[in-house]
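The values are calculated or read from the model by the stated rules, or taken from the named source; none is laboratory data. Bear in mind that the values here come from a model prediction, so they are computed numbers and not experimental data. Don't worry about glycine lacking a Cβ; one is built from the backbone with ideal geometry, like all the others, and counts go over all protein chains shown. Quick note on the areas: whole protein, heavy atoms, side chains included, nothing else; ligands and nucleic acids left out. Shrake-Rupley method; radii C 1.70, N 1.55, O 1.52, S 1.80 Å.
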Amino acid sequence: MTTGATEAIAAALLAFIEPGDEVLTFEPFYDSYGAIIGLAGAKHVTAPLLAPDFLPDVDAMESAFSERTKVVLLNNPHNPTGAVFPREVLVRVVELARKYDAVILSDEVYEHLTFGVQHLPVAGIPGAAERSVTISSAGKTFSFTGWKIGWLSGPAHLVAAIRTVKQFLSYSSGTPFQSAIAVGLALPDEFYSGIASTLQHKRDILAEGLRAAGFGVYTPQGTYFINVDTAPLGIRDSVDLARKLPELVGVAAIPVPVFCHPEGAERTRSLLRFAFCKKTEVLEEAAARLATLRNKL
Ligand SMILES: Cc1ncc(COP(=O)(O)O)c(C=O)c1O
């Protein structure tokens, strides 16, 4: 048990990497990855995910591995793109991790939030279990982000190394919340499919609003994030639009370049990430406000 997935990621990276080692992630990447890799003094190597489906460029992924790759930090379903990786991508990641003897650290906090596709835990791919640590969290599934209850699982020797770090980060946290989350985890499958179908409906409301507002919309297969291209509205720089959007229409979004290193930031320069983990009426109001954007630019 960890203080959210955030601590699981930190403790695992600090357990497995030394200064000079390399950690491979896809890009764009969830922001805490870069921060912790930097704190550990390791090198953050990335392989791009490419629009429209945000699947990896497999050749680039292959050449991003090296003898110094200690950890492949996978995030599936993926924040910020909403991609859910198919079996063939996971199989290739596992083959490469085995070839370079890297640990697979798999952040699966959005495991239950998929729409019409099945999430495949990487640890279930043949040859992966003995080198995989899987991370999840109550934050996304139960919408209890503030409780900071996370967990990880994997082979005993890898978990022992992580526990050794974790005891000096927080020792323990949120014990009464852990009991509550244990009850939640025992709920029947219908509870989990219900969360996903409610969220899919919300995705569709926001996607329709964004399309009507003139954005190019990349409909996600998982998570509660939706990415749009601002170029069809004549806007090249999503960072600039993200700064202005609250004032223009009272809606906030995160520019995708902030989840990238400089080269990736250039590649994703016109991409903007919206979140749909909101009440239906809030999403409808957002869609109505976004419809007025074109006239205000
Ligand atoms: C991919 C990913 N991993 C981890 C986290 C952090 O999870 P927690 O709130 O459980 O620390 C987030 C939160 O946004 C996330 O998107």
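Examine the stretch 1-19 for a residue that is touching a Leu at 6+ places or on another chain (Cβ under 9 Å) and among the hydroxyl-bearing types (Ser, Thr, Tyr), and state whether such a residue exists.
Checking the stretch 1-19: at least one residue is touching a Leu at 6+ places or on another chain (Cβ under 9 Å) and among the hydroxyl-bearing types (Ser, Thr, Tyr).
Counting just the residues of the stretch 147-173 that are within 13 Å of the ligand (Cβ to nearest atom) and at pLDDT 95 or above, which one comes out farthest from Gly194 (Cα to Cα)?
Looking at the filtered set, the residue picked out is Leu169.
Of all residues in the stretch 33-53, how many are open to solvent by less than 20 Å² (accessible area, probe 1.4 Å) and either touching a residue at least 60 places away in the same chain (Cβ under 8 Å) or within 16 Å of the ligand (Cβ to nearest atom) (or both)?
3
Please verify whether Lys99 is more than 16 Å from Tyr30 (Cα to Cα), open to solvent by 60 Å² or more (accessible area, probe 1.4 Å) and either touching a strand residue (DSSP E or B) at 6+ places or on another chain (Cβ under 8 Å) or at pLDDT below 95 (or both), treating the condition exactly as stated. Even if it seems obvious, please write down each step before you answer.
Details: more than 16 Å from Tyr30 (Cα to Cα): yes; open to solvent by 60 Å² or more (accessible area, probe 1.4 Å): yes; either touching a strand residue (DSSP E or B) at 6+ places or on another chain (Cβ under 8 Å) or at pLDDT below 95 (or both): no.
Considered against the rule, which asks whether it is more than 16 Å from Tyr30 (Cα to Cα), open to solvent by 60 Å² or more (accessible area, probe 1.4 Å) and either touching a strand residue (DSSP E or B) at 6+ places or on another chain (Cβ under 8 Å) or at pLDDT below 95 (or both), Lys99 comes out as no.
Could you please find all residues in the stretch 9-47 being in contact with a Gly (Cβ under 6 Å, 6 or more places away or on another chain) and either assigned by TED's automatic domain parsing to the domain that holds His261 or closer than 26 Å to Pro255 by Cα (or both)?
Of everything in the stretch 9-47, those that are in contact with a Gly (Cβ under 6 Å, 6 or more places away or on another chain) and either assigned by TED's automatic domain parsing to the domain that holds His261 or closer than 26 Å to Pro255 by Cα (or both) turn out to be Glu27, His44.
Can you tell me which of Asp53, Asp31, Asp59 is of a type outside the set (Lys, Arg) and within 24 Å of Ala15 (Cα to Cα)?
Working: Asp53 fails: within 24 Å of Ala15 (Cα to Cα); Asp59 fails: within 24 Å of Ala15 (Cα to Cα).
After ruling out the rest, the residue left standing is Asp31.
Name the single residue that is farthest from Ala11 (Cα to Cα) among those in the stretch 142-190 being of a type in the set (Phe, Trp, Tyr) and exposed (fewer than 14 other Cβ atoms within 10 Å of the Cβ).
Once the filter is applied, the top-ranked residue is Tyr171.
Hey, Arg68 hits all of (1) within 12 Å of the ligand (Cβ to nearest atom); (2) farther than 25 Å from Ala275 by Cβ; (3) out of contact with any helix residue (DSSP H, G or I) (no Cβ under 9 Å at 6 or more places or on another chain) but one; which does it fall short on?
(1)
Does Ile181 qualify as being among the β-branched types (Val, Ile, Thr) and not assigned by TED's automatic domain parsing to the domain that holds Phe115?
no
Which residues, taken from the stretch 197-233, are in a helix (DSSP H, G or I), buried (at least 17 other Cβ atoms within 10 Å of the Cβ) and of a type in the set (Gly, Ala, Ser)?
Result: Ala207, Gly209.
Looking only at the stretch 242-266, count every residue that is more than 21 Å from Tyr30 (Cα to Cα) and in a helix (DSSP H, G or I) and tell me the total.
Number of matching residues: 6.
From Leu113, Leu120, which residue is away from the ligand (no atom under 16 Å from the Cβ) and not assigned by TED's automatic domain parsing to the domain that holds Phe225?
Leu120
Hey, does the stretch 99-107 have a residue that's under 23 Å from Ala5 (Cα atoms) and assigned to a loop (DSSP other than H, G, I, E, B)? Steps first, please.
Here is the first cut: in the stretch 99-107, the residues under 23 Å from Ala5 (Cα atoms) are 102-107.
Subsequent filtering for residues that are assigned to a loop (DSSP other than H, G, I, E, B) retains 102.
For the stretch 99-107, residues under 23 Å from Ala5 (Cα atoms) and assigned to a loop (DSSP other than H, G, I, E, B): present.
Suppose we keep only residues that are part of a loop (DSSP other than H, G, I, E, B) and not aromatic (Phe, Trp, Tyr) within the stretch 123-146. Which one would you say is nearest to the ligand (Cβ to nearest atom)? It would help to see each step written out before you state the result.
Pass one, the stretch 123-146, residues part of a loop (DSSP other than H, G, I, E, B): 125-128, 142-144.
With not aromatic (Phe, Trp, Tyr) added as a condition, the list becomes 125-128, 143.
Working: Ile125: 20, Pro126: 25, Gly127: 24, Ala128: 19, Ser143: 11 Å.
Out of the qualifying residues, it is Ser143.
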